[in-house]
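Asks: Quick one: structure below, then a few questions.
The values are calculated or read from the model by the stated rules, or taken from the named source; none is laboratory data. From a predicted model like this one, the values you see are computed outputs, not experimental measurements. All Cβ positions, even for glycine, are placed from backbone atoms using ideal geometry, and neighbour counts span all protein chains on display.
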Amino acid sequence: MITIEGRAKINLTLDILRTREDGFHEVAMVMQAVGLADTLTLEKREAPGIGLVIDVPWLRANEKNLAYRAAKLMQEEYHLPGGVAIHLTKRIPMAAGLAGGSADAAAVLRGMDALYELGAGDEKLCELGARLGSDIPFTLMGGTMLATGRGEVLRRLPDFPETYVVLAKPHVSVSTAWAYGAYDAHPAERHPDNDAMIRAIEAGARRKAASFLCNVLESATIKRYEVISKLKEMMKEAGAFASLMSGSGPTVFGFAETREQAEKVAEAVRLPDVDVFVTKTVGCNTK
Ligand code: ATP
């Protein structure tokens, strides 16, 4: 049996460069892993197949689940004998801009690799992961990365200096497809300066890096979900030194200097319709 964590991510930047012929958007984003994670346990079974059990009622344990699809892909790719039983403890909110599904898929890919002693290696796992979703290679690697292409082409950056992160997920679901569609209808005027962000990270300059937080999907999404700008403002008023919408939203994150300050920020945004988490940035999975 093996137990493995699937960590959430936040976007320090998200830029859209163009729409490709295949319909995907060409992106350039600086991604950061955080401590908020789902826990997956994997166990070999003699009988073939995949048994998936999830501890929450709001996520279906069917063959569309990314944890299931990742297990199936590994079984097929490596002609694995027998079956596998997966137990998923779900903590990352769904359709939140935190890549929760991708994190689960990445954990299953790594878990199956370890369970069957396949020695697949990062490159192979990332190639398999990219077949299931553009964010999966990042969630396999973790840390701080520049992601380009559809999000699957990674360049490792030095780990972002350890920082407290408050996550606020309002009770609205924003599908990634909707957010990109809204962007296409109302492209953003402000784009991130990824080079400046990367220089600040390389210099270990946390405050400076925070000044370059920027997500082109934010303005179109905020038009429909005002709560996002409200949460950003509330976080800053409570002492967060920066805040931004993550990915395609609606989760807003804020940076805090200390645990006390992070708790204060969390308290400020703990509204009836908002799920709040206090976590930290986390360095690369494989050093
Ligand atoms: P991203 O930031 O990559 O756009 P997200 O945080 O917005 O991701 P996810 O939580 O990854 O969104 O889920 C998006 C969709 O994937 C949901 O509609 C859900 O039905 C599906 N899904 C499949 N498997 C999972 C899983 N294990 N956990 C969460 N969602 C899953």
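Asks: Within the bounds of segment 116-128, is there any residue that is of a type outside the set (Asp, Glu), surrounded by 20 or more Cβ atoms within 10 Å (Cβ to Cβ) and within 13 Å of the ligand (Cβ to nearest atom)?
Replies: The answer is no; no qualifying residue exists.
Asks: Only one residue in Tyr164, Tyr183 is aromatic (Phe, Trp, Tyr), crowded, with 16+ Cβ neighbours inside 10 Å and modelled with pLDDT under 95, so which one is that? Break it down stepwise before answering.
Replies: Details: Tyr164 fails: modelled with pLDDT under 95.
Answer to the selection: Tyr183.
Asks: Would you check if Leu40 is within 20 Å of Met94 (Cβ to Cβ), in contact with a helix residue (DSSP H, G or I) (Cβ under 6 Å, 6 or more places away or on another chain) and assigned by TED's automatic domain parsing to the domain that holds Ala114?
Replies: yes
Asks: To continue, here is another question. Kindly indicate whether any position in segment 167-177 is in a helix (DSSP H, G or I) and in contact (Cβ under 8 Å) with a residue 24 or more places away in the chain.
Replies: yes
Asks: What is the residue count in segment 129-159 for residues that are among the aliphatic types (A, V, I, L, M) and either within 12 Å of the ligand (Cβ to nearest atom) or assigned to a helix (DSSP H, G or I) (or both)? Give the steps one after another, and end with the answer.
Replies: Filtering segment 129-159 down to residues among the aliphatic types (A, V, I, L, M) leaves 130, 132, 136, 140-141, 145-147, 153-154, 157.
Filter again for either within 12 Å of the ligand (Cβ to nearest atom) or assigned to a helix (DSSP H, G or I) (or both), leaving 130, 132, 136, 140-141, 147.
The number of residues fulfilling the criteria is 6.
Asks: Cβ contacts < 7 Å: first residue near the ligand (Cβ under 8 Å from one of its atoms), restricted to segment 47-68; second residue among the basic types (Lys, Arg) and at pLDDT 95 or above, any location; separation 6+ or different chain. Result?
Replies: Ile54/Lys90; Leu59/Lys90
Asks: With respect to Leu109, determine if the residue is assigned by TED's automatic domain parsing to the domain that holds Lys44 and touching a Lys or Arg at 6+ places or on another chain (Cβ under 9 Å). If you could, list the steps in order and put the result at the bottom.
Replies: Numbers: assigned by TED's automatic domain parsing to the domain that holds Lys44: yes; touching a Lys or Arg at 6+ places or on another chain (Cβ under 9 Å): no.
In short, no.
Asks: Let me ask something else about it. So Pro192 clears everything in (1) in a loop (DSSP other than H, G, I, E, B); (2) touching a residue at least 60 places away in the same chain (Cβ under 8 Å); (3) surrounded by fewer than 15 Cβ atoms within 10 Å (Cβ to Cβ) except one condition, right? Which one?
Replies: (3) is the only condition that Pro192 fails.
Asks: A further question follows. So which residues in segment 222-243 are under 20 Å from Ile92 (Cβ atoms) and in contact with a helix residue (DSSP H, G or I) (Cβ under 7 Å, 6 or more places away or on another chain), if there are any at all?
Replies: Looking only at segment 222-243, we keep the residues that are under 20 Å from Ile92 (Cβ atoms), and these are 225, 227-228, 231, 235, 243.
Within segment 222-243, Ile228, Leu231, Met235, Ser243 qualify.
This table checks each residue for (1) hydroxyl-bearing (Ser, Thr, Tyr); (2) over 16 Å from Ala96 (Cα atoms); (3) in contact with a Pro (Cβ under 9 Å, 6 or more places away or on another chain).
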position: Cys214; (1), (2), (3): no, yes, yes
position: Met235; (1), (2), (3): no, yes, no
position: Phe241; (1), (2), (3): no, yes, no
position: Thr251; (1), (2), (3): yes, no, yes
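Asks: Shifting gears a bit: Using the structure shown, decide if Ala103 is of a type in the set (A, V, I, L, M), within 13 Å of the ligand (Cβ to nearest atom) and either without any contact (Cβ under 8 Å) to a residue 60 or more places away in the chain or surrounded by fewer than 23 Cβ atoms within 10 Å (Cβ to Cβ) (or both).
Replies: No: the conditions fail for Ala103.
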